[in-house]
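S.K.: Submitted below is the structure of interest, expressed as structure tokens.
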Amino acid sequence: GVPFTLGICGAGDLEDAMRAALAQYDLCGEVLFHGNLDFKTQLMPLLQDETDLFICPHRQGDPSCTYLETLACGVPIVGYANEAWAGLLELAGCGRKVTMDDFRLMASAVARLHEDRELLAKLSLKAWDFARRHTFEGTFARRIEHLRECAGLAPALVS
């Protein structure tokens, strides 16, 4: 009961079967296959300009940098409660987690956010704020300072 457009980025062996299932359920207009996208010129603009919510049914606890890259675009995430997302969500509060493999619960979480657009906007701001405070450079500097502290060294001078 939620109007949507779902963009799927990437490619793989299941694409033909997915396209057939979408045709069977008359969802070809709602689900778009973007294929493999260039990160800087295609994927980032797609996330920043056309995405309200990122759905990440990722089972593994380490989906590369997907979470932080998405949050940096100000896009909240609904994802499986794997190690990485559960931990990030606890720190950032910028999305929703659902039980692993429970696609009905995931759809329900998406529907609730559709009904509460103000909450979705707040989650978007939280996503951006968290990513802004956790840049690569800042995180690297904090790690170096932690290592210096563990080694009993004085803090590094910052220019």
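Values in this text are rule-based calculations from the coordinates and carry no lab data. Just so it is clear, the model here is predicted, and its values are computed rather than measured. Ideal geometry is used to build each Cβ from the backbone, glycine not excepted, and the neighbour counts take in all protein chains shown.
S.K.: Mark the label point 7 Å from the Cα of residue 4 along Cα→Cβ and return the residues of region 45-71 whose backbone N is within less than 16 Å of it.
M.R.: Only 51-58 pass the distance filter.
S.K.: Still on this model: Please list the equivalent ellipsoid semi-axes of the chain, computed as the square roots of five times the alpha-carbon gyration tensor eigenvalues, in descending order and whole angstrom.
M.R.: Details: eigenvalues 230, 61, 47 Å².
Output for the chain: semi-axes of 34, 17, 15 Å.
S.K.: Over region 15-86, what is the relative contact order in percent, taking alpha-carbon pairs closer than 8 angstrom and at least six residues apart?
M.R.: 28
S.K.: Nearest 20 debye, what's the magnitude of the dipole of region 32-159 about its Cα centre given +1 on Lys and Arg Cβ and -1 on Asp and Glu Cβ?
M.R.: Dipole size: approximately 220 debye.
S.K.: Also, quick follow-up: GNM, the chain, Cα, under 10 Å: largest mean-square fluctuation among 44, 100, 18?
M.R.: 18
S.K.: Name the residue, out of 117, 132, 142, whose mean-square fluctuation peaks in a Gaussian network model built on the chain with Cα pairs under 10 Å.
M.R.: Ranking 117, 132, 142 by mean-square fluctuation puts 142 first.
S.K.: So for the chain: antiparallel DSSP bridges make up what percent, rounded to the nearest 5?
M.R.: The antiparallel proportion sits near 10 percent.
S.K.: Can you give me the span-like helices of the chain, meaning DSSP H runs with 15 Å or more of Cα extent along the axis and Kyte-Doolittle mean at or above -1.0? If you can, show how the numbers build up before the last one.
M.R.: Details: long enough: 103-115 (18 Å, 0.42); 117-133 (24 Å, -0.39); 136-150 (21 Å, -0.67).
Membrane-span-like by this criterion, though nothing is claimed about a membrane: 103-115, 117-133, 136-150.
S.K.: As an exercise, take the mean of 1/r over every pair of distinct alpha carbons in region 19-110, invert it, and state the Kirkwood radius in angstroms.
M.R.: It works out to 14.3 Å.
S.K.: I want to verify a result. In a Gaussian network model of the chain, Cα cutoff 10 Å, which of these has the top mean-square fluctuation: 144, 55, 77?
M.R.: In the Gaussian network model the winner is 144.
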